[in-house]
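The values are calculated or read from the model by the stated rules, or taken from the named source; none is laboratory data. Only a predicted model underlies this, so the values are computations on that prediction, with no experimental measurement involved. Because the Cβ atoms are built from the backbone with ideal geometry, glycine has one as well, and the counts that use them run over all protein chains shown.
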Amino acid sequence: MNISHQRDAARPRARGTERSLARRAELIAIGRKLFADTSYDALSMDDIARQAHVAKGLIYYYFQSKRGYYLAIIQDSVADLVSFAASGLELPQVDRVHRTIDSYLRFAEHHQAAYRTIVSGGVGFDAEVHAIRDSVREAIVATIAEGAYGSSDIPSLPRMGLLAWVCSVEGATLDWIDRPDELSRETMRDLLVKTLGGALRAIEEIDPAFPAPKPACRGV
């Protein structure tokens, strides 16, 4: 078979792959809406198929199981958050911090069931959910470190200080989404930015080699 024939043979397969990827992405988008405020256990596969207006077998074809489908939905949602947190390097540090925290809170606010699953680690010990949670933590720590110190490659002490702040943010955010009428997202964001300033100053007190950025001290 010559090269032109090989290309012609490959085209239908490529188109099929593109259609499969598009269909899978469509199912994930549907699932993100279904699971936005509904827990994993509250929806059966029959419920999902009926509300998504698709055959149940189609979901099994792409994701093998309900758990596989749910994990794909969480991973897709988190990928958006992580990529957003890692972007905006051209922004001033304070603006980037505000934007990152605001997007984090928006994610928790609009994907409450998924956020609770990620932060709590799923039912029992779920290694895949823990890995997703850890990737979010590391992305936020890297974003803050890049803005505060000019590098995401930082030693243990500042990393632990920032990680401790991220873990406190998780707990506070869980409580915040359970009390939607008590604090606006803007107020919550400003509070978390201020507590980040405290964490940066605490790191500086212990290790002066990692000073809290002066603009951050004024704005954070």
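Restricting attention to the stretch 6-44, and to residues there that are assigned to a helix (DSSP H, G or I) and among the acidic types (Asp, Glu), which single residue is modelled with the highest pLDDT? Restricting to residues being assigned to a helix (DSSP H, G or I) and among the acidic types (Asp, Glu), the top hit is Glu26. Only one entry in Leu183, Leu157 is in contact (Cβ under 8 Å) with a residue 24 or more places away in the chain and hydrophobic (A, V, I, L, M, F, W, C), namely Leu157. Among the residues of the stretch 181-200, those that are surrounded by 15 or more Cβ atoms within 10 Å (Cβ to Cβ) and either part of a loop (DSSP other than H, G, I, E, B) or of a type in the set (Lys, Arg) (or both) comprise Leu183, Arg185, Arg189. So how many residues does the stretch 83-101 have that are modelled with pLDDT of 75 or more, of a type outside the set (Ser, Thr, Tyr) and under 13 Å from the mean Cα position of the chain (by Cα)? Residues that pass the stated criteria total 1. Tell me, which residue of the stretch 60-82 that is within 8 Å of the chain's Cα centre (by Cα) and of a type in the set (S, T, N, Q) is farthest from Ala29 (Cα to Cα)? Selected residue: Gln75.
For the stretch 68-82, what are the residues that are at pLDDT 85 or above and loosely packed, with under 15 Cβ neighbours inside 10 Å? Within the stretch 68-82, Gly68 is the sole residue that qualifies. Taking the criterion of being part of a helix (DSSP H, G or I) and of a type outside the set (A, V, I, L, M), the residues of the stretch 45-66 that qualify are Asp46, Asp47, Arg50, Gln51, Lys56, Gly57, Tyr60, Tyr61, Tyr62, Phe63, Lys66. Could you list, in sequence order, all residues of the stretch 89-101 that are free of Cβ contacts under 8 Å to residues at least 60 places away in the same chain and crowded, with 17+ Cβ neighbours inside 10 Å? Matches in the stretch 89-101: Arg96, Arg99, Thr100. Only one of the numbered conditions (1) within 25 Å of the chain's Cα centre (by Cα); (2) farther than 20 Å from Ala108 by Cβ; (3) at pLDDT 95 or above is not met by Met188, and that is (2). Taking residues in the stretch 125-147 that are under 28 Å from Gln93 (Cα atoms) and part of a helix (DSSP H, G or I), and partners anywhere that are of a type in the set (D, E, K, R) and modelled with pLDDT under 80, the pairs with Cβ atoms closer than 6 Å and at least 6 places apart or on different chains are Gly147/Arg96.
Per the conditions (1) in contact with a helix residue (DSSP H, G or I) (Cβ under 6 Å, 6 or more places away or on another chain); (2) farther than 27 Å from Ala142 by Cβ, the sole criterion not satisfied by Val54 is (1). If I filter the stretch 130-139 for residues that are over 19 Å from the mean Cα position of the chain (by Cα) and more than 20 Å from Ser83 (Cβ to Cβ), do I get at least one hit? The answer is no; no qualifying residue exists. Within the stretch 139-158, the residues that satisfy the criterion of being surrounded by fewer than 18 Cβ atoms within 10 Å (Cβ to Cβ) and at pLDDT 90 or above are Asp153, Pro155, Ser156, Leu157. Taking the listed residues Tyr104, Tyr115, the one that is hydroxyl-bearing (Ser, Thr, Tyr), at pLDDT below 85, surrounded by 18 or more Cβ atoms within 10 Å (Cβ to Cβ) and not in a loop (DSSP other than H, G, I, E, B) is Tyr115, with no other qualifying.
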